[in-house]
1. Please go through region 1-19 and pick out each residue that is in a loop (DSSP other than H, G, I, E, B), within 16 Å of ligand 4 (Cβ to nearest atom) and either touching a residue at least 40 places away in the same chain (Cβ under 8 Å) or more than 17 Å from H73 (Cβ to Cβ) (or both).
2. Within region 52-81, work out how many residues are free of Cβ contacts under 8 Å to residues at least 40 places away in the same chain, in a strand (DSSP E or B) and farther than 21 Å from H31 by Cα.
3. Counting just the residues of region 182-223 that are surrounded by fewer than 16 Cβ atoms within 10 Å (Cβ to Cβ) and polar (S, T, N, Q), which one comes out nearest to S240 (Cα to Cα)?
4. Report, by residue number, each residue of region 16-38 that is within 21 Å of M98 (Cα to Cα) and more than 12 Å from ligand 2 (Cβ to nearest atom).
5. Between a first residue in region 237-251 that is within 12 Å of G13 (Cα to Cα) and touching a residue at least 24 places away in the same chain (Cβ under 8 Å) and a second residue that is open to solvent by 70 Å² or more (accessible area, probe 1.4 Å) and within 16 Å of ligand 2 (Cβ to nearest atom), which pairs have beta carbons less than 6 Å apart while being 6 or more apart in sequence or on different chains?
6. Could you list, in sequence order, all residues of region 20-34 that are in contact with a Ser or Thr (Cβ under 8 Å, 6 or more places away or on another chain) and either outside any helix (DSSP H, G or I) or of a type in the set (S, T, N, Q) (or both)?
7. Of all residues in region 237-249 being more than 16 Å from ligand 3 (Cβ to nearest atom) and over 11 Å from A269 (Cα atoms), which is least open to solvent (accessible area, probe 1.4 Å)?
8. Within region 267-290, take every residue that is exposed (fewer than 13 other Cβ atoms within 10 Å of the Cβ) and at pLDDT 55 or above and give me the one that is farthest from the chain's Cα centre (by Cα).
Amino acid sequence: MIDLHSHTNFSDGALTPPQLVQRAASNGVTHLAITDHDCTGGLATALLAPESTQLQIIPGVEISCLWQQREIHIIGLFIDTAEPDLQTLLQEQQLLRMERVQEFADRLQAIGISGLMDYIQTLPCQAVSRNHVAEFLIKEGRAADKQQAFKKFLGNNGRVRTAAHWCSVARAVAGIRAANGIAVLAHADRYRLTRTKLMLLIEEFKDAGGEGIEVSYSNLSHDQLDRMAKLSEEMELWASMGSDFHTPEAGWMDLGRIRQLPQNCRERAIWLHPRWTGSESDPAERQHHS
Ligand code: AMP
Ligand code: MN
Ligand code: MN
Ligand code: MN
């Protein structure tokens, strides 16, 4: 049972890294990628969990990018978390996140809602997100739930919306590759792109060195799953799968509870990638040939 997309409380997940590992192990997950938004700090503590010997923990990250004014998420798997180029990028992104939250704080203050920054200071996270701002709004009684917090305040039409200034897709892929990781395009059907635009995005992603795409994730229907499988085949991308687990609360997919890859893309399942199987002899070679 393989799950290659999950979050801890180092970004906007609810569980600590050891709690995440424990839950994955008890759900029967054999391979777990921890892919926090724009940070990798949770990985070291995940390895301290007693259950970490029962499964393979794959070091990952989910990087927010901007492409044609849209927010695109790129996942890095098997990254070397100590690699300086990637860490420089992630620190820039973390700073952008903090600046964005400060902007939300200013805008909320202007409409009579104060205290966001004080609340943020109490959080254990390394990469702050709108999810945290939504939690603050719920705590303050300004929104009934996350959906409402996004609809009323934080989303594209929300009262205090602010633009994000994430890095480019090419920059994210370059950072992942510098850290010898596999770059995977996350949840491609969520970007509301026309087919033509999606193809253009994928071409650019591949030109930058991107290699994979999430085929099975969250609660895709069978039809959606088949479409994603065909896309991975057509575009010659490795097929990945992950729950995008954030919290044990109802409404989120649980760790490992995702549909298997359809038969027609098993041949390009990401666990056959040389970086995963270990058949890639010299990372420097791969850079050289690409
Ligand atoms: P950010 O990366 O700061 O833009 O925050 C986005 C995060 O907020 C996502 O990763 C989700 O976890 C969460 N999120 C985004 N939109 C919604 C929504 N409509 N309802 C609930 N959570 C959301
Ligand atoms: Mn999230
Ligand atoms: Mn995402
Ligand atoms: Mn995610």
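1. Quick first cut of region 1-19, residues in a loop (DSSP other than H, G, I, E, B) only: 1, 4-5, 7-16.
With the extra rule that they be within 16 Å of ligand 4 (Cβ to nearest atom), the set shrinks to 4-5, 7-15.
Matches in region 1-19: L4, H5, H7, N9, F10, S11, D12, G13, A14, L15.
2. Selection size over region 52-81: 0.
3. Going residue by residue through region 182-223, those that are surrounded by fewer than 16 Cβ atoms within 10 Å (Cβ to Cβ) are 189-190, 192, 194-197, 199-200, 203, 207, 219, 221-223.
From what's left, polar (S, T, N, Q): 194, 196, 219, 221.
Details: T194: 22, T196: 22, N219: 14, S221: 16 Å.
Selected residue: N219.
4. Initially, region 16-38 is screened for residues within 21 Å of M98 (Cα to Cα), giving 16, 35-38.
Residue satisfying the conditions is T16 alone.
5. The qualifying pairs are H246/W252.
6. L32, A33, I34
7. Applying the filter and picking the extreme gives P248.
8. By that ranking, first place goes to S281.
The values are calculated or read from the model by the stated rules, or taken from the named source; none is laboratory data. Predicted model only: the values in this text are computed from it and were never measured. All Cβ positions, glycine included, derive from the backbone under ideal geometry; neighbour counts span all protein chains shown. Just the protein is used for accessible areas: all its heavy atoms, side chains included, with ligands, DNA and RNA removed. Shrake-Rupley method; radii C 1.70, N 1.55, O 1.52, S 1.80 Å.
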